[in-house]
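The values are calculated or read from the model by the stated rules, or taken from the named source; none is laboratory data. Quantities reported herein were computed from a predicted structural model and do not represent experimental measurements. Because the Cβ atoms are built from the backbone with ideal geometry, glycine has one as well, and the counts that use them run over all protein chains shown.
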Amino acid sequence: MTLMFQPSPPDHVPADRMVDFDMFHIPDGVSDPAEIWHDLVRRGVPDIFYTPHNGGHWVFLRYEDIVDAYRDHTVFSTYQTPVPPIEPFPVVQPQGVDPPAHNVFRRLLAPMFTPTAVRGMMDELERRAAELIEGFAARGECDFITEFAERYPTGTFLYLFGLPEERLDEFLALANTFFRSTDPAARARNIGEIYAVLDQLFREKERNPSNDIATQIVMARDENGAQHSWEDILNCGFLLFVAGLDTVTNTMAYIWRYLATTPAAQKHFRDRLDDPDGFLRGIEELMRINAVSNLFRRVTHDCEYRGVQFRRNDRVVLPNTVANRDPRVFKAPQVIDLDRKVNVHLTFGVGPHRCIGSVLAKREVMVSLQQWLRRIPEFSLADEQPAGSVFGGSVMGFTALRLRWEVAARQAAA
Amino acid sequence: MMRVIVNHSLCQGHARCEDLCPEVFATDAVEGKVVIVQDEVPAALEDKVRLAVRNCPEGALRVARSGPAEGAE
Ligand code: HEM
Ligand code: SF4
């Protein structure tokens with residue numbers, strides 16, 4: 001196999017743009033993986049720098065440059081981008097395809113996740129959140145990540161794909177290996193398993209169409225009236241499976257950890273349980289502050305950008321968490337202002353690939369917090385935190401968060 | 001009268017505008033992009049519309065004044 005998308009050695013990188021930075025390594029004692037990124041800004045490294053770690057890649061730190069990279073697919077492609085470089089990498093639909101071909105699956109999926117479409121999911125999103133929370137509310141404590149933040153988005157996936165609830169544990173196990181395993185053989189096997197499950201699911205939906213997203217994907221026809229290629233259908237199912245789980249889980253983990261340590265913020269949202277606009281404004285700010293995704297791009301040809309030389313196949317990493325605190329764009333960027341009026345954060349990206357599930361993701365977080373506060377109005381961190389890990393990479397997060405609350409307070413509120 | 005002008009080639013369907021002012025903005029079911037529900041913005045909604053415009057992450061929206069001098073900003 002000839003490798004076509006390997007970066008070249010960095011002899012085009014000037015010494016003053018070289019920084020020793022490993023995005024996958026979170027030093028001991030750091031509880032927030034985003035801090036390794038904010039630390040770069042505090043240290044005053046160049047806005048555009050190169051690190052030799054993980055196969056070598058650039059990092060952009062300015063909001064404006066990150067937006068340029070998201071927007072200009074002619075230079076910064078989403079095709080074959082992994083850091084460190086792996087080849088060949090599955091071409092997920094539509095994220096791994098550049099415009100204009102990208103538009104085929106984009107157009108197919110985008111209408112399924114508009115505010116109107118998501119409004120039709122609200123009863124089910126609410127019911128599922130309430131059911132999970134009722135499962136532990138009377139206990140006065142829970143392991144937030146395993147009992148809620150992982151189960152909720154995985155359950156949402158089952159619902160959207162028309163799969164029965166009984167399969168939740170099977171899908172949780174598949175997702176956990178995918179997101180947490182560091183063993184290459186286990187990962188390769190796991191990806192094979194996910195594709196096998198999707199293959200079976202789409203075949204079943206083709207035979208018995210129903211009112212769900214899997215059916216819409218498999219029954220969709222291209223401009224010539226033909227079904228999309230089976231490979232693309234699987235690659236699209238795969239993206240929907242991986243795009244909306246770990247992102248939502250870790251966003252929730254960050255948000256609940258912040259709330260557990262910030263009683264005034266809990267009150268802010270409690271006071272807005274009957275004010276959806278005010279509530280959503282607060283969620284939008286928590287999305288800005290807790291941007292868990294770092295995106296990858298691949299340079300398509302030798303070129304210059306802002307006076308810096310780039311080579312074909314150079315990787316570029318775009319840390320949304322840094323963009324979201326750029327003082328050139330945000331007033332008092334370090335302040336968490338739950339009433340922030342203008343908030344053009346990049347948590348869901350921007351440009352042609354911006355997150356198709358952004359409305360759904362925000363509603364998932366919003367509904368969960370509303371249902372939570374109605375049953376658990378006040379909560380804090382438990383004294384004992386289980387041993388867990390903190391991880392960086394393309395999605396940042398942590399695996400342990402134990403919460404506690406007074407059960408009496410809950411009964412009084414009920 | 002305040003009017004909203006959309007640059008459809010920039011809109012990527014974040015639906016921030018619809019979230020902030022559903023009286024004026026909606027998201028279509030064909031491409032998932034913005035559609036303007038009311039061309040002429042009632043005075044009572046002008047502030048909400050301005051806020052929606054400023055929150056569009058793509059810079060796809062702007063407002064203009066039209067009255068006797070059609071199209072004047
Ligand atoms: C808080 C949770 C989420 C975050 C932070 C997030 C973030 C992102 C980001 C930054 C992108 C842009 C990728 C790029 O430019 O390369 C993206 C794309 C995407 N997301 Fe999300 N996402 C979240 C939840 C979801 C959910 C729930 C879904 C489920 C429908 C979803 C589906 C997608 C899809 C299909 C794309 C690819 C769009 C394209 O390439 O045109 N995401 N997401
Ligand atoms: S906020 Fe901007 S990009 Fe998003 S739907 Fe509205 S006009 Fe389009």
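Pull up the stretch B:31-51, narrow it to residues that are within 16 Å of ligand 1 (Cβ to nearest atom) and either surrounded by fewer than 20 Cβ atoms within 10 Å (Cβ to Cβ) or of a type in the set (D, E, K, R) (or both), then point me to the one that is modelled with the highest pLDDT.
Residue satisfying both the conditions and the ranking: B:K33.
Among residues of the stretch A:227-252 that are in contact (Cβ under 8 Å) with a residue 40 or more places away in the chain and more than 14 Å from chain B (Cβ to nearest Cβ), those with a Cβ under 7 angstrom from a residue that is of a type in the set (D, E) and away from ligand 2 (no atom under 16 Å from the Cβ), sequence gap 6+ or separate chain, pair up as A:H228/A:D222; A:V248/A:E364; A:T249/A:E150. Out of the residues in the stretch A:90-115 that are free of Cβ contacts under 8 Å to residues at least 24 places away in the same chain and surrounded by 16 or more Cβ atoms within 10 Å (Cβ to Cβ), state the one that is nearest to the other protein chains (Cβ to nearest Cβ). Only one residue tops the list, namely A:P111. Looking only at the stretch A:338-382, residues that are assigned to a helix (DSSP H, G or I) and either within 8 Å of chain B (Cβ to nearest Cβ) or within 16 Å of ligand 1 (Cβ to nearest atom) (or both) come to 12 in all.
Of everything in the stretch B:24-38 that is assigned to a loop (DSSP other than H, G, I, E, B) and more than 10 Å from the chain's Cα centre (by Cα), the residue that is nearest to the other protein chains (Cβ to nearest Cβ) is B:G32. Filter the stretch A:164-212 down to the residues that are more than 20 Å from A:A243 (Cα to Cα), surrounded by 12 or more Cβ atoms within 10 Å (Cβ to Cβ) and in contact (Cβ under 8 Å) with a residue 40 or more places away in the chain and list them by number. Of everything in the stretch A:164-212, just one residue is more than 20 Å from A:A243 (Cα to Cα), surrounded by 12 or more Cβ atoms within 10 Å (Cβ to Cβ) and in contact (Cβ under 8 Å) with a residue 40 or more places away in the chain, namely A:K205.
For residues in the stretch A:323-349 being more than 13 Å from ligand 2 (Cβ to nearest atom) and β-branched (V, I, T), which is surrounded by the most Cβ atoms within 10 Å (Cβ to Cβ)? Across the stretch A:323-349, the extreme among qualifying residues is A:T347.
Of all the criteria given as (1) within 11 Å of ligand 1 (Cβ to nearest atom); (2) surrounded by 20 or more Cβ atoms within 10 Å (Cβ to Cβ); (3) within 14 Å of chain B (Cβ to nearest Cβ), the one not satisfied by A:T81 is (3).
Of the listed requirements (1) farther than 25 Å from B:G32 by Cα; (2) within 16 Å of ligand 2 (Cβ to nearest atom), A:P352 misses just one: (1). Which condition from (1) more than 15 Å from ligand 1 (Cβ to nearest atom); (2) closer than 19 Å to A:V317 by Cβ; (3) among the small types (G, A, S) is the one that A:S394 breaks? For A:S394, the failing item is (1). Can A:H73 be described as within 11 Å of ligand 1 (Cβ to nearest atom), more than 20 Å from the chain's Cα centre (by Cα) and within 14 Å of chain B (Cβ to nearest Cβ)? When the stated conditions are applied, A:H73 passes them.
Based on this model, can you work out whether B:Q38 counts as of a type outside the set (F, W, Y), at negative phi and near ligand 2 (Cβ under 7 Å from one of its atoms)? Judged against the criteria, B:Q38 is not a match.
To keep it simple, each residue is scored yes or no on (1) aromatic (F, W, Y); (2) buried (at least 23 other Cβ atoms within 10 Å of the Cβ); (3) touching a His at 6+ places or on another chain (Cβ under 9 Å); (4) without any contact (Cβ under 8 Å) to a residue 40 or more places away in the chain.
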| site | (1), (2), (3), (4) |
| --- | --- |
| A:G351 | no, no, yes, no |
| A:M366 | no, no, no, no |
| A:E378 | no, no, no, no |
| A:Q385 | no, no, no, yes |
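Would you confirm whether or not the stretch A:388-408 contains a residue that is within 14 Å of chain B (Cβ to nearest Cβ) and free of Cβ contacts under 8 Å to residues at least 12 places away in the same chain? Don't jump to the end; show me each part of the working.
Narrowing the stretch A:388-408 to residues within 14 Å of chain B (Cβ to nearest Cβ): none.
No, there is no match, as no residue in the stretch A:388-408 is within 14 Å of chain B (Cβ to nearest Cβ) and free of Cβ contacts under 8 Å to residues at least 12 places away in the same chain.
Out of all the residues in the stretch A:55-68, is one or more within 16 Å of ligand 2 (Cβ to nearest atom) and among the β-branched types (V, I, T)? First the steps, then the outcome.
Keep residues of the stretch A:55-68 that are within 16 Å of ligand 2 (Cβ to nearest atom), which gives A:67.
Restricting the remaining residues to those that are among the β-branched types (V, I, T) gives A:67.
Yes - at least one qualifying residue is present in the stretch A:55-68.
Within the stretch B:52-72, the residues that satisfy the criterion of being within 14 Å of chain A (Cβ to nearest Cβ) and either under 22 Å from A:G282 (Cβ atoms) or surrounded by fewer than 15 Cβ atoms within 10 Å (Cβ to Cβ) (or both) are B:A52, B:V53, B:R54, B:N55, B:C56, B:P57, B:G59.
None of A:F330, A:F310, A:F279 is over 30 Å from A:A400 (Cα atoms), modelled with pLDDT of 95 or more and within 14 Å of another protein chain (Cβ to nearest Cβ) except A:F330. Residues of the stretch B:1-16 that are more than 11 Å from chain A (Cβ to nearest Cβ) and either surrounded by fewer than 16 Cβ atoms within 10 Å (Cβ to Cβ) or hydrophobic (A, V, I, L, M, F, W, C) (or both): B:M1, B:M2, B:V4, B:I5, B:V6, B:N7, B:H8.
Does the stretch A:217-233 contain any residue that is among the polar types (S, T, N, Q) and more than 22 Å from A:N103 (Cβ to Cβ)?
Of all residues in the stretch A:217-233, those among the polar types (S, T, N, Q) come to A:224, A:227, A:229.
Filter once more, so that each one left must be more than 22 Å from A:N103 (Cβ to Cβ): none.
Within the stretch A:217-233, none of the residues are among the polar types (S, T, N, Q) and more than 22 Å from A:N103 (Cβ to Cβ).
Report whether or not B:V49 is within 14 Å of another protein chain (Cβ to nearest Cβ) and closer than 22 Å to A:T347 by Cα. Against the criterion (within 14 Å of another protein chain (Cβ to nearest Cβ) and closer than 22 Å to A:T347 by Cα), B:V49 does not qualify.
When restricted to residues that are of a type in the set (D, E, K, R) and under 20 Å from A:V83 (Cβ atoms), the stretch A:5-51 contains 7.
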